[in-house]
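I have placed the structure first, in the form of structure tokens, so that the comments after it can refer back to it.
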Amino acid sequence: MGNGKYQILKDCFGYTEFRGGQEEIIDAVLTGRDALGIMPTGAGKSLCYQIPALLLEGITVVISPLISLMKDQVNALVQAGVKAAFINSSLTSAKYDETLRRAVDGGYRILYIAPERLLREDMLRFAETADIAMVTVDEAHCVSQWGHDFRPSYLKIREFAEHLKKRPVISAFTATATERVREDIVTILGLENPCSITTGFDRGNLFFSVQRPERKLTALTAYIEKHRESSGIIYCSTRKLTEEVCSALTDQGFPATRYHAGLDDRERHRNQDDFLYDRRRIMVATNAFGMGIDKSNVSFVIHYNMPKNIESYYQEAGRAGRDGSNADCILFYSPQDVRLNKFLIENSQEESDSGGNTTENNLELLKQMTFYCTTSGCLRSFILRYFGETAPHYCGHCSNCTTLFETCDITIDAQKIISCVYRIARQGRSFGKIMIVNILKGSKNAKLIEAGMDNLSTYGIMAEQSAQRIRSILDYLIEQNYLSLDTGEYPVVRHTPRSAAVLRSEEAITMMLPREPEHREKPAVFTEAPADEKLFLKLKKLRNTLAQDAHVPAYIVFADSALRDMCRKLPQTSREFLEVSGVGRVKMEQYGEFFTKAIREYVAENGEN
Ligand code: ADP
Ligand code: ZN
């Protein structure tokens, strides 16, 4: 069992290492335990059930809400040499019957089924006779009324599972992490003592950026012009604006298409496919676009307007860089967007939206979104803290960190803070972070005065600095063990063995902090230029031709990240080709010759570097 999973990881998917959380879930499922995986978009949830599906004895049934997503996943699996199929309303009845018959005969390892179909007569017969080892629920938050996308048909899953010959392993996956949704998933699906894994929400390959262009359209075209070969999504707040931006782009000759709820089904489908198959590399859309879009080579997501909350923002922006390649998430902020969103929330007809949020909640969520757009602190840190994670104040890979931060000598600040902590201890007291910041800032807070802390000699000695800055420094000192956070009933700050050295000025301490406003430079332009762009383009062209012949989107043949790895490793034989991340055995046999030949040609013309 232990080796099997690595073999499949390499043979079918072409990877050599698991990402965070994957292995734990796979191991649990292989021992017959239920599992719940909560992982952000792009973290790699699919492998968590696809690998066990190939190792367990019997069929794995995957419940998935979106037709386009099923088709994509099945395409990708078939390309990797896995016997897989889907059953949903897009099949003709002849095809439906045939698929089901083959499934009963054990012709598939993985069968995707739309939830609406589950309790149909023939499906229940299938359930009763077939050898089903696992039922996997993708987008599991759809089972909860508290999620942002409740689907009543998800309530049928449990009954379906109860019709099986023997109880299957049940595994469920979602990117939604709120407590209520999680509880609903466990109870409504009937998970038994599940192995529950929540991976961090950070997506290190995404570069976050907030910009305030005077003219959004000019800024947009400048970006697209510069990133000629990249595929990306531009989100607009309204249908009208979507139309305007899309025509402005096509008028200027950019290969853009559009998507919103005002178009008829046929056109929506066509436009979506144009984008997925790279016939149009730019999609201009409202937030109606994207649920279930698995396109792995989206290298930028630009929000032309500020969305209404961080949850939506992170989900939409997260559609960039799913294959792990570097990608940009840019938000064009203008105060007007705040007013528009406020208006929409206050004039919404519904008492509460599908997420159970009231107008008041929605306004609060909007406020947080606005803070994100206006903060001078690290953007990544802001998002992660919003989702309840701890994160350093400086990531070095967002527009604020790269333009607004500078290295500061905080030795003196550190001395002030540490001596404050000593003085509090000498009075036989201890406090949490907020109180300590208040004392240093010289606040008139009643609790502080009552405790007599305004008599400390360190009271108000950092009055000229912002509370936020003091807090950042305090957090940093704790992170670096110059102080510690003692988490009893209330977390309180205490000194550590390292504290004393700071007071004796034995160590200079520096950290990255937001620049004071008057020292700010114009934002630098973010650029990236892969060294072998020429080869990358050549391989991309080849990939397109092969994808067209196979009638699948290009990213199903190979992700951009795989092409980049080829550019780095320059594989010229099949053995070397297998070393490329994203190349499994089946794909090597299918495509190896084409790519190694192209690379051999390239190397002959250009040399190895
Ligand atoms: P999710 O469903 O969580 O949004 P996916 O399952 O679609 O994410 O995976 C996102 C991308 O990451 C895919 O291109 C997938 O091939 C890739 N991926 C998944 N697991 C690994 C891994 N262990 N190593 C490298 N890439 C991986
Ligand atoms: Zn940052």
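Size of the range 184-226: Rg and Dmax of its alpha carbons, in Å, are 21.0, 55. Histogrammed with a bin width of 10 Å, the alpha carbon distances of the range 5-198 distribute as 9, 39, 39, 12, 0 percent, first bin at zero. Charge dipole of the range 406-514 (Cα centre as origin; +1 on each Lys and Arg Cβ, -1 on each Asp and Glu Cβ, all else neutral): 360 debye, rounded to the nearest 20.
Remark: the range 323-330, residue by residue, has Karplus-estimated 3J(HN,Hα) of 8, x, 6, 4, 8, 9, 10, 10 Hz, where x stands for each Gly or Pro and the curve is 6.51 cos²θ - 1.76 cosθ + 1.60 at θ = phi - 60°. Relative to the dominant Cα principal axis of the chain, helix 359-374 is inclined by about 80°. Projecting the Cα atoms of Gln315, Thr403, Pro52 onto the charge dipole of the chain (Cβ charges, centred on the Cα centre) puts Thr403 farthest toward the positive pole. Computed about the Cα centre, the dipole magnitude for the chain is approximately 500 debye when only Lys and Arg (+1) and Asp and Glu (-1) carry charge, each at its Cβ.
Near the amide H of Phe289, within less than 5 Å, lie no amide hydrogens of residues on another chain or at least 5 residues away, with H placed in the peptide plane. Fully extending the segment from Leu485 to Ala604, taken as 0.36 nm per residue of separation minus the present Cα-Cα distance, adds 36.8 nm. On the range 533-606, 50 percent of the accessible area sits on carbon and sulfur atoms, based on a 1.4 Å probe. Panel values: the range 406-514, Kirkwood radius from alpha carbon pairs, Stokes-Einstein at 25 °C and 0.890 mPa s, translational diffusion coefficient 177 µm²/s.
For q = 0.13, 0.19, 0.27 Å⁻¹, what log10 I(q)/I(0) does the range 533-606 give under the Debye formula with an equal point scatterer on each alpha carbon and no solvent? Relative scattering, expressed as log10 I(q)/I(0), comes to -0.31, -0.68, -1.44. Nonpolar atom fraction for the range 81-209, defined as the carbon and sulfur part of the 1.4 Å probe accessible area, stands at 48 percent.
Placing +1 on each Lys and Arg Cβ and -1 on each Asp and Glu Cβ, with no other charges, gives the range 5-198 a dipole about its Cα centre of roughly 280 debye. Let's test this: bin the Cα-Cα distances of the range 34-92 at 10 Å from zero up to the farthest pair and state each bin's percent. Pair shares across the bins are 18, 54, 26, 1. Shown here for the range 1-92: GluC sites (Glu not before Pro) in loop regions (DSSP other than H, G, I, E, B) with at most 14 other Cβ atoms within 10 Å, namely Glu17, Glu57. Antiparallel beta bridges, as assigned by DSSP with both residues in the chain, represent about 15 percent of the total such bridges.
Carbon-plus-sulfur accessible fraction, the range 406-514 (probe radius 1.4 Å, protein heavy atoms only): 49%.
According to the square roots a ≥ b ≥ c of the eigenvalues of the Cα gyration tensor, what is the shape class of the range 232-289, taking rounded for a/c under 1.5, prolate for a/b larger than b/c otherwise, and oblate for the remainder? Oblate is the answer for the range 232-289, as a/c is 1.5 or above yet b/c matches or exceeds a/b. Accessible area per residue for the chain is 46 Å², calculated with a 1.4 Å probe on protein heavy atoms, without ligands, DNA or RNA.
Normalised by the number of residues in the chain, the average gap of Cα pairs under 8 Å and 6 or more apart makes the relative contact order 13 percent.
Under 5 Å from the amide H of Ser196 lie the amide H atoms of Leu36, each residue being 5 or more positions distant or on a separate chain, with H modelled from the backbone and absent for Pro and chain starts. Proximity of backbone amide H atoms, modeled 1.01 Å from N, is registered between Val62 and Leu111, Tyr112, Ile113, Thr136 at under 5 Å, excluding neighbours fewer than 5 places apart on the same chain. Of the residues Gln211, Val284, Thr221, the one whose Cα sits farthest towards the positive end of the charge dipole of the range 197-302 is Gln211 (charges of +1 on Lys and Arg Cβ, -1 on Asp and Glu Cβ, taken about the Cα centre). Ignoring lysines fewer than eight residues from Lys447 along the same chain, the ones with Cα atoms less than 25 angstrom from its Cα are Lys416, Lys433. Per residue, the Cα convex hull of the chain amounts to 195 Å³. Rounded to the nearest Hz, the phi-derived 3J(HN,Hα) couplings of the range 180-187 under the Karplus curve 6.51 cos²θ - 1.76 cosθ + 1.60 (θ = phi - 60°) are 4, 5, 4, 4, 4, 4, 5, 6, where x marks glycine and proline.
A straight Cα-to-Cα reach below 18 Å connects Lys71 with the lysines Lys45, Lys83, Lys95, Lys295, residues fewer than 8 places away in its own chain not being considered.
A helix-only calculation puts the chain at -13500 deg cm²/dmol for mean residue ellipticity at 222 nm, using -39500 (n - 2.57) for each DSSP H run of at least four residues, averaged over all residues.
The values are calculated or read from the model by the stated rules, or taken from the named source; none is laboratory data. What you are looking at is a predicted structure, and each value in this text was computed from that prediction instead of being measured. All Cβ positions, glycine included, derive from the backbone under ideal geometry; neighbour counts span all protein chains shown. Remember, those area values only see protein heavy atoms, side chains included, never the ligands or the DNA or RNA. Shrake-Rupley method; radii C 1.70, N 1.55, O 1.52, S 1.80 Å.
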